[in-house]
Amino acid sequence: MEEYDVIIVGLGCVGSSAAYYCAKQGMQVLGIEQFPTPGSLGSSSFGETRMWRVTHGSYWKNDMMKDAITLWRELEEESGEELMLKFPVLSMGSLESKDYMNIRAQYPELPKLSPKEISEKYPALHNIPDDYEGLEHENCGVVKARKALQTVTKLTQVKYGAELLFDTKVVSVDKNSVTIEDGRTFYGKDICVCAGAYSIDFDKDKIATRREIEYIVFESPEGLPGGLLEFTKDGNEYYGMVDGDNFKMGEFAQRSIASMKDYFRDRMPEKFTQIKYFHPCYITMTDTGHFQYKTDKDGVHYAYGFEGTGFKFFPLHGKIVHDGLITKKDQTHIPDEYRAKI
């Protein structure tokens with residue numbers, strides 16, 4: 001009976017990175033993914049890009065992002081691929097928004113833009129409320145999500161010799177084995193479930209819920225900043241970014257598709273007529289709102305529950321899984337309350 005050092009269930013943002021770091025350290029790795037290709041439609045890793053920034057209201061996330069940037073650059077150097085782009089991002093919002101004021105406090109030296117100045121600089125933005133203000137900060141950009149998954153998959157398989165199975169559905173996991181839909185069972189010293197929103201199908205603690213959100217994809221980013229964050233008076237957040245040749249927008253709370261469309265019709269009326277498609281994304285909402293790195297009572301490891309904010313930390317999540325859950329020697333700089341729990 002062949003036994004792997006570790007079996008990774010799910011090869012999206014977290015799982016592919018975890019497989020990469022484990023294989024890179026000489027471990028015998030099996031990765032299993034239910035979708036046919038990395039970042040397939042329907043997975044939480046679908047799409048060309050994800051925004052990254054060091055402007056979170058939770059300062060520990062900014063520290064995590066700084067660690068992740070170092071790992072992103074190391075991955076670029078090893079692969080020879082450009083995976084992380086840096087450019088100014090516009091944050092704008094109501095002065096009554098706690099999230100906007102947190103960003104404002106981090107950049108007191110930056111000039112503040114009035115609603116008129118925002119519209120003049122970015123003519124695709126309209127009807128900006130009078131109580132809004134904006135600022136542009138440099139320590140932001142996008143990561144090439146699809147390219148990153150493809151790059152890490154190639155390194156993990158070709159350079160480090162891991163076995164990765166795609167289009168393969170897992171039906172059960174326990175401490176040392178994984179069974180797939182055709183009845184085959186694989187054995188490993190450690191099992192780690194990194195299946196994003198699908199992880200809750202295996203996690204017996206049932207501390208999370210699966211949520212579907214929709215992105216609106218426009219034809220062109222012309223007249224818009226490379227990245228956009230808008231924080232409303234009622235606590236909602238809209239965000240957008242270049243996505244290949246397109247521009248992608250989403251709503252954090254996403255009360256309904258109708259409400260999201262109403263917002264875009266008002267804020268970007270010309271772009272609203274250039275919608276190419278909507279695409280779904282499945283994310284995992286935890287009971288605490290925090291990341292989940294844990295080992296359950298049966299000895300199965302889990303890394304999921306990033307509430308739609310995981311991809312910018314892509315290489316750091318993989319390192320946390322390897323260091324914290326698999327080797328039990330966590331060298332990552334993450335606050336104790338979010339550290340991988342053994």
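Before moving on, here are some points about what is shown:
- Residue 75 being closer than 28 Å to residue 134 by Cβ, over 14 Å from the mean Cα position of the chain (by Cα) and at pLDDT 90 or above: no
- Residue in the range 131-146 that is hydrophobic (A, V, I, L, M, F, W, C) and either surrounded by fewer than 15 Cβ atoms within 10 Å (Cβ to Cβ) or over 30 Å from residue 219 (Cβ atoms) (or both) present: no
- In the range 312-327, the condition of being at pLDDT 90 or above and assigned to a strand (DSSP E or B) is met by no residue.
- Restricting attention to the range 89-127, the residues that are farther than 21 Å from residue 241 by Cβ, of a type in the set (Gly, Ala, Ser) and surrounded by 16 or more Cβ atoms within 10 Å (Cβ to Cβ) total 1.
- A single member of 126, 137 is in contact with a Phe, Trp or Tyr (Cβ under 8 Å, 6 or more places away or on another chain), of a type outside the set (A, V, I, L, M, F, W, C) and either touching a residue at least 40 places away in the same chain (Cβ under 8 Å) or within 22 Å of residue 69 (Cα to Cα) (or both), and it is 137.
- Selection status of residue 70, in a loop (DSSP other than H, G, I, E, B), among the hydroxyl-bearing types (Ser, Thr, Tyr) and in the same structural domain as residue 192 (by TED's automatic domain parsing): no
- Candidate set: the range 231-275, residues that are surrounded by 15 or more Cβ atoms within 10 Å (Cβ to Cβ) and of a type in the set (D, E, K, R); chosen: the one nearest to residue 83 (Cα to Cα): 243
- Of all residues making up the range 315-337, the number that are in contact (Cβ under 8 Å) with a residue 60 or more places away in the chain and touching a strand residue (DSSP E or B) at 6+ places or on another chain (Cβ under 7 Å): 4
- Summed over the range 164-199, the residues that are more than 24 Å from residue 20 (Cβ to Cβ) and surrounded by 14 or more Cβ atoms within 10 Å (Cβ to Cβ) give a count of 1.
- Qualifying positions in the range 15-37 - buried (at least 24 other Cβ atoms within 10 Å of the Cβ) and either of a type in the set (Lys, Arg) or part of a loop (DSSP other than H, G, I, E, B) (or both): 33
- Wholly enclosed strands (runs of 3 or more DSSP E) of the range 184-263 bearing at least 1 residues of a type in the set (Val, Ile, Thr) and within 21 Å of residue 298 (Cβ to Cβ): 185-193
- Residue within the range 78-89 that is part of a loop (DSSP other than H, G, I, E, B), over 24 Å from residue 319 (Cβ atoms) and in contact (Cβ under 8 Å) with a residue 60 or more places away in the chain present: yes
- Restricting attention to the range 276-298, the residues being in contact (Cβ under 8 Å) with a residue 60 or more places away in the chain, surrounded by 14 or more Cβ atoms within 10 Å (Cβ to Cβ) and not in a strand (DSSP E or B) number 1.
The values are calculated or read from the model by the stated rules, or taken from the named source; none is laboratory data. Every value quoted in this text rests on a predicted model; they were computed, and no experiment measured them. Cβ coordinates were reconstructed from backbone atoms using ideal geometry, including for glycine residues, and neighbour counts include every protein chain displayed.
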